[in-house]
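As structure tokens, the structure follows; a few thoughts come after it.
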Amino acid sequence: MAKVTAAELSGEGNALSCGVTVIRQKRPVAVAASDAEARNLDDLQNSFGDGPCLSALRTATVVHVPDVYGEDRWPRYMRAAANAGVGSIL
């Protein structure tokens with residue numbers, strides 16, 4: 001599912017990554033990823049215990065970060081995402 005979603009939403013010159021995190025035994029677990037980058041970012045977010053995907057899981061709402069460089073929430077994760085070359089997150 002992650003690989004198909006990333007492939008379908010990617011455009012020429014704009015490759016997307018996709019990760020899937022679920023809650024198992026009250027802990028977030030990255031269960032699928034389109035590539036190693038997505039897996040690493042999900043694992044990192046889970047190690048921080050907070051971030052956009054975890055907030056989406058907790059609130060059952062869509063969380064959109066249009067620009068990781070201008071995002072105030074989750075500062076440690078946003079720095080890590082920016083350092084990995086991520087521009088936005090949904």
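Each value in this text was obtained by applying a stated rule to the coordinates, not by laboratory testing. Keep in mind it's a predicted model, so treat the numbers as computed, not measured. Backbone-built Cβ (ideal geometry, glycine too); neighbour counts: all protein chains shown.
Along region 74-85 the Karplus relation, 6.51 cos²θ - 1.76 cosθ + 1.60 evaluated at θ = phi - 60°, assigns HN-Hα couplings of 6, x, 5, 5, 5, 4, 5, 5, 4, 5, 8, x Hz to successive residues, with x for each Gly and Pro. Taken over region 9-90, the ratio of Cα radius of gyration to 2.2 N^0.38 Å equals 1.04. Shown is the FRET efficiency for R27 and H64, computed with R0 = 22 Å from the Cβ-Cβ distance and rounded to the nearest 0.05: 0.35. For V31, the residues 5 or more places off, or on other chains, whose built amide H falls under 5 Å of its own are V20, T21, V22. Each residue of region 46-53 was assigned a 3J(HN,Hα) from its phi angle through the Karplus curve 6.51 cos²θ - 1.76 cosθ + 1.60 (θ = phi - 60°); the sequence is 5, 5, 6, x, 7, x, x, 5 Hz, with glycine and proline shown as x. Near T5, once Lys and Arg are set to +1 and Asp and Glu to -1 for all other residues with Cβ below 15 Å from its Cβ, the sum equals -2.
Charge tally around S17: other residues with Cβ under 12 Å, Lys/Arg +1 each, Asp/Glu -1 each, net -1.
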